[in-house]
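First up is the structure itself, then whatever we jot down about it.
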Amino acid sequence: MDDLEGLLGAGAYGYFAGGAGDELTLRANETSWSQVKLAPRVLVDVGARDLSVELLGRRRAHPLVVAPMAYQRHAHEDAERGTAQAAAATGSTFVLSSQTTTAPRDVAEVAGPDRWFQLYVFKDRQVSLDLVAEARESGYEALVLTVDFPVAGWRERDKRTGFSITHPIALNPGGTPLTTEQIFAMHDPTLTWDDVHAFAEAAGMPLLLKGILRPDDAERAVDVGAAGVIVSNHGGRQLDTVLTGAEALPPVVDAVAGRAAVLVDGGIRRGWDVAKALCLGADAALVGRPVLWGLARGGRAGAQAVLEQLVAELDSTLALLGCPRAVDLDLSFLA
Ligand SMILES: Cc1cc2nc3c(=O)[nH]c(=O)nc-3n(C[C@H](O)[C@H](O)[C@H](O)COP(=O)(O)O)c2cc1C
């Protein structure tokens, strides 16, 4: 990854690659998927494979979702439009970050129909509500409310490099450089369950809560009418030493008990990791940094190549696992 640091510069690279604290959770995210062991079934007809899954009432080509990631123009000039095009070309669901460096309506022009909008709630609630209105008008299908960011994680890499955002974003249309600390200070730490309703209503579209790690919070999400929960520790960027997505997923799946969709992310690097997530009960899996690295190296085509490989790896996993349909993955395929 050293070449990526050279390509992007220490500031942007550190922001994209980094995690909170000692980055123990950042590393554990990948390790915990590798510790889940697959148990293949042999002599199954896997001549025809079906990767499709149903999510929010719609059939998707496969369960891969591109995670919302901020400031993509710092990775490549293709930025969020490039990632959205890569997602559309590979049948992946795309989630646009509210910290986007391309306006949601401009991304919508080139994105596929499977596009969701991620929201942070800022102290100036109107900024968030305006973003929701633009997302609704631009045909985003669902709102992903990120709930694990009352304040920013303890990110020492950003402190060291002094990375600042130089591209225009919704919070800072003029594009005057802002440090990540200045932007993080705009997040509203007073957000509670009582506020979720207001955003669900403003959204007028299905709501998913992202950043759930506890089964009791998952229950509450279902109680407030969420269409889905995303089990996530924010890619190890918020609180260091929290449990990983792979660890948190099974109790959340039990608590939700089919009443809402359950998605998971953090450290998913291979198609077989996606398969493991489905075995553990997830309906879909989000992938973050690998797509960003693809974008950084090759723009839209680079992001697309990463997604194509992940889909091909998932297809290969279904064949080698003796489970030709992704929807049939379950605990029986784990050791
Ligand atoms: C550079 C970067 C920026 C991110 N920005 C956001 C964001 O704006 N909103 C959000 O909900 N999550 C954000 N995340 C978290 C991702 O959506 C996702 O939870 C995480 O990256 C998944 O882990 P992975 O990168 O190991 O695949 C960001 C992650 C990274 C790496």
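The values are calculated or read from the model by the stated rules, or taken from the named source; none is laboratory data. Since we're looking at a predicted model, the values are computed, not measured. So basically every Cβ, Gly included, is an ideal-geometry build from the backbone, and we count neighbours across all protein chains shown.
Overview of results
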quantity: Set VAL36, VAL66: member being in contact (Cβ under 8 Å) with a residue 12 or more places away in the chain and either crowded, with 21+ Cβ neighbours inside 10 Å or of a type in the set (Ser, Thr, Tyr) (or both); calculated: VAL66
quantity: Of residues in segment 1-33 being more than 12 Å from the ligand (Cβ to nearest atom), free of Cβ contacts under 8 Å to residues at least 60 places away in the same chain and in a helix (DSSP H, G or I), the one surrounded by the fewest Cβ atoms within 10 Å (Cβ to Cβ); calculated: ASP2
quantity: Number of the condition not met by PRO290 [criteria: (1) touching a residue at least 24 places away in the same chain (Cβ under 8 Å); (2) farther than 20 Å from GLY228 by Cβ; (3) surrounded by 17 or more Cβ atoms within 10 Å (Cβ to Cβ)]; calculated: (1)
quantity: Every residue from segment 63-81 that is in contact with a strand residue (DSSP E or B) (Cβ under 7 Å, 6 or more places away or on another chain) and either more than 13 Å from the ligand (Cβ to nearest atom) or at pLDDT below 95 (or both); calculated: PRO63
quantity: Pairs where the first residue, in segment 70-81, is under 13 Å from LEU7 (Cα atoms) and the second is within 12 Å of the ligand (Cβ to nearest atom) and outside any loop (DSSP other than H, G, I, E, B), C-beta under 6 Å, 6+ apart; calculated: HIS74/ALA12; ALA75/LEU292; ALA75/LEU295; ALA75/ALA296; HIS76/LEU295; HIS76/ALA296
quantity: Search result, residues across segment 214-237 that are touching a residue at least 40 places away in the same chain (Cβ under 8 Å) and within 15 Å of the ligand (Cβ to nearest atom); calculated: GLY228, ILE230, VAL231, SER232, ASN233, HIS234, GLY235, GLY236, ARG237
quantity: Meets criteria (farther than 15 Å from GLY288 by Cα, among the acidic types (Asp, Glu), in contact with a strand residue (DSSP E or B) (Cβ under 7 Å, 6 or more places away or on another chain) and at pLDDT 95 or above) for ASP114; calculated: yes
